[in-house]
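Asker: Handing you a structure now.
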Amino acid sequence: MAQLKTKIDLYLKANSKSWDKTKVELQDDMISGVSSPYISIWNYDGLAKPTADQLASYETAANAAETNAGIDATRRTQYLSWDKQMEMIYKDQKNGTSTFKDHCDKVRSDNPKG
């Protein structure tokens, strides 16, 4: 199940708005150890607070966004540091090789997005 923040972020983007922590606040009262987050503050001019049904309609897209965010995080670590990438690019240009491209292709194929 997707996080409430992710679904709200998608709702905002669909309505040409962006997340602004001064306009929206989430709260979770953790009743009997069970998490049940909700919107405690909503101050977007011209945009109504989303209903539960509206947020539920973003479940599939939010799950995909969260999955892809995890894949992106993994890819960032496997792409290596900028200095190592630049070294690969330099050597490729100097030697006429494709080490950098091959490395990036492998990272992407090892961590495909849905």
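What follows is calculated from the coordinates using simple rules that are stated; it is not laboratory data. As the structure is a computational prediction, the values presented were derived from the model and not from experiment. Neighbour counts run over all protein chains shown; Cβ positions are idealised from the backbone, glycine included.
Asker: Can you give the extra length, in nm with one decimal, that the chain gains between Asn95 and Arg75 once fully stretched, where that is 0.36 nm per residue apart less the Cα-Cα distance?
Answerer: Computed gain between Asn95 and Arg75 is 4.6 nm.
Asker: What FRET efficiency comes out for Gln85 versus Ser16 if R0 is 35 angstrom and r is the Cβ-Cβ distance? Round to the nearest 0.05.
Answerer: E between Gln85 and Ser16, to the nearest 0.05, is 0.50.
Asker: Assign unit charges at the C-beta atoms only (+1 for Lys and Arg, -1 for Asp and Glu), then state the dipole size of the chain relative to its Cα centre in Debye, rounded to the nearest 20.
Answerer: In debye, rounded to 20, the chain gives about 400.
Asker: ³J(HN,Hα) across region 7-19 via Karplus (A = 6.51, B = -1.76, C = 1.60, θ = phi - 60°), whole Hz, x for Gly/Pro?
Answerer: Each residue of region 7-19 in turn: 5, 5, 4, 5, 4, 4, 4, 5, 10, 6, 10, 10, 4 Hz.
Asker: Let me ask something else about it. Kindly write out, for region 47-61 in residue order, the coupling ³J(HN,Hα) from the Karplus curve 6.51 cos²θ - 1.76 cosθ + 1.60 (θ = phi - 60°), rounded to whole Hz, with x marking Gly and Pro.
Answerer: Once θ is set to phi - 60°, the couplings for region 47-61 become 9, 5, 4, x, 7, 4, 5, 4, 5, 4, 5, 9, 4, 5, 5 Hz.
Asker: Mind listing the long-range amide H neighbours of Leu26? Cut-off is under 5 Å, sequence gap 5 or more, other chains count too, H placed in the peptide plane at 1.01 Å from N.
Answerer: The list, which skips near neighbours in sequence, is Ser40.
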